[in-house]
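Below is one structure; the comments refer to it alone.
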Amino acid sequence: MNIEEARNYCLSKPHSEESFPFDEHTLVFKVGNKMFALLPLDEFENQSINLKSDHELSIELREEYEVVLQGY
């Protein structure tokens, strides 16, 4: 997935919006004024994206997939 595909996927969610509330390097996607994804534009060559998730589900995904990392 490239950066444009990731952007299009996030924008395909109903009522999603994009903005740069932090800096020009972090694209933020929101639904109902609540963030659900952060796309670090200056680090996308590593194909990283931060996603909001249920805490228990996050733990399960990190245990099952080594590429799923804890956000900070």
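The values are calculated or read from the model by the stated rules, or taken from the named source; none is laboratory data. The shown structure was predicted, so the numbers you read here are calculated from the model rather than taken from an experiment. Because the Cβ atoms are built from the backbone with ideal geometry, glycine has one as well, and the counts that use them run over all protein chains shown.
Being among the aromatic types (Phe, Trp, Tyr), surrounded by 15 or more Cβ atoms within 10 Å (Cβ to Cβ) and touching a residue at least 24 places away in the same chain (Cβ under 8 Å) is a property that does not hold for Phe29.
Cβ-Cβ distances below 6 Å connect the following pairs, each with a first residue in the stretch 48-72 that is closer than 23 Å to Phe29 by Cα, a second residue that is modelled with pLDDT of 85 or more and β-branched (Val, Ile, Thr), and a separation of six or more residues or different chains: Leu61/Val68; Arg62/Val68. In the stretch 25-72, the qualifying residues are those that are small (Gly, Ala, Ser) and closer than 23 Å to Asn2 by Cβ, and the one that is modelled with the highest pLDDT is Ala37.
Selection of the stretch 50-72 for residues being among the β-branched types (Val, Ile, Thr) and surrounded by 13 or more Cβ atoms within 10 Å (Cβ to Cβ) yields Ile59, Val68. For the stretch 15-34, filtering for residues that are of a type in the set (Phe, Trp, Tyr) and within 16 Å of Ser48 (Cβ to Cβ) leaves 2. In the stretch 1-20, the residues that are under 21 Å from Asn33 (Cβ atoms) and in a helix (DSSP H, G or I) reach residues that are small (Gly, Ala, Ser) and at pLDDT 95 or above with C-beta atoms within less than 7 angstrom, at least six apart or across chains, in these pairs: Cys10/Ser16.
Say whether the condition of being in contact with a Ser or Thr (Cβ under 9 Å, 6 or more places away or on another chain), of a type in the set (A, V, I, L, M) and not in a strand (DSSP E or B) is met by at least one residue in the stretch 45-60. No: zero hits.
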